[in-house]
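For reference, the structure I am asking about is given below.
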Amino acid sequence: EVQLVESEGGLVQPGGSLRLSCAASGFTFDDYAMNWVRQAPGKGLEWVSTISYNGRSTYYAEPMKGRFTISRDNAKNTLYLQMNSLKSEDTAVYYCVKGAHTYGSTADGLWGQGTQVTVSS
C-alpha cells in the first residue's frame with residue numbers, strides 16, 4: 001500500500017522543541033521530493049518546507065526559517081521535521097506530503113494522516 005505514516009505530535013511549551021517523522025512505503029521514496037504542510041486552528045493549509053529527493057536542497061516558509069529543519073533518511077524511507085523555538089502560533093496539524101518526482105513537475109496528492117502539535121504553557 002502506498003502511504004505516509006506520521007509519528008505522534010505532542011504538547012510542547014513555548015520555546016521547546018519537537019521532532020516529527022514520516023515513514024513512507026509503497027513507492028520509491030528517494031525518487032521524490034517531500035514536503036511538510038500544516039493547518040492551524042481556524043486557518044487554511046500553510047506550506048512549511050520542502051526537501052529535494054536527495055536531501056541536497058531545502059526550502060522553508062519565512063516563519064519557519066531558522067527554527068525548523070527538514071531532513072530525510074532515504075535508507076530508512078523516512079522524512080523528518082525538527083522544530084525548535086516553538087511558538088504558540090506553530091500550533092497546528094502537521095502533514096507530510098509526497099512531492100514531485102525527480103524528473104517530473106507535479107505531485108500525485110499523497111498525504112500523511114496528520115499529527116497534532118500543540119504549543120502551550
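Given a Förster distance of 25 Å, report the FRET efficiency between Ser71 and Leu45 from their Cβ-Cβ distance, rounded to the nearest 0.05.
Between Ser71 and Leu45 the formula returns 0.70.
So how strong a dipole does the chain carry about its Cα centre when Lys and Arg Cβ are +1 and Asp and Glu Cβ are -1, to the nearest 20 debye?
Dipole size: approximately 300 debye.
Once neighbouring chains are kept in place and the probe is 1.4 Å, which whole percent of the accessible area of segment 1-109 is contributed by carbon and sulfur?
47 percent
Probe of 1.4 angstrom, ligands and nucleic acids ignored: what's the accessible area per residue over segment 1-95, in square angstrom?
51 Å²
The values are calculated or read from the model by the stated rules, or taken from the named source; none is laboratory data. Computed from a predicted model, the values in this text were never measured in an experiment. No Cβ is skipped: glycine too gets one built from the backbone with ideal geometry, and neighbour counts run over all protein chains shown. The accessibility values were calculated without ligands, DNA or RNA, using every heavy atom of the protein model including side chains. Shrake-Rupley method; radii C 1.70, N 1.55, O 1.52, S 1.80 Å.
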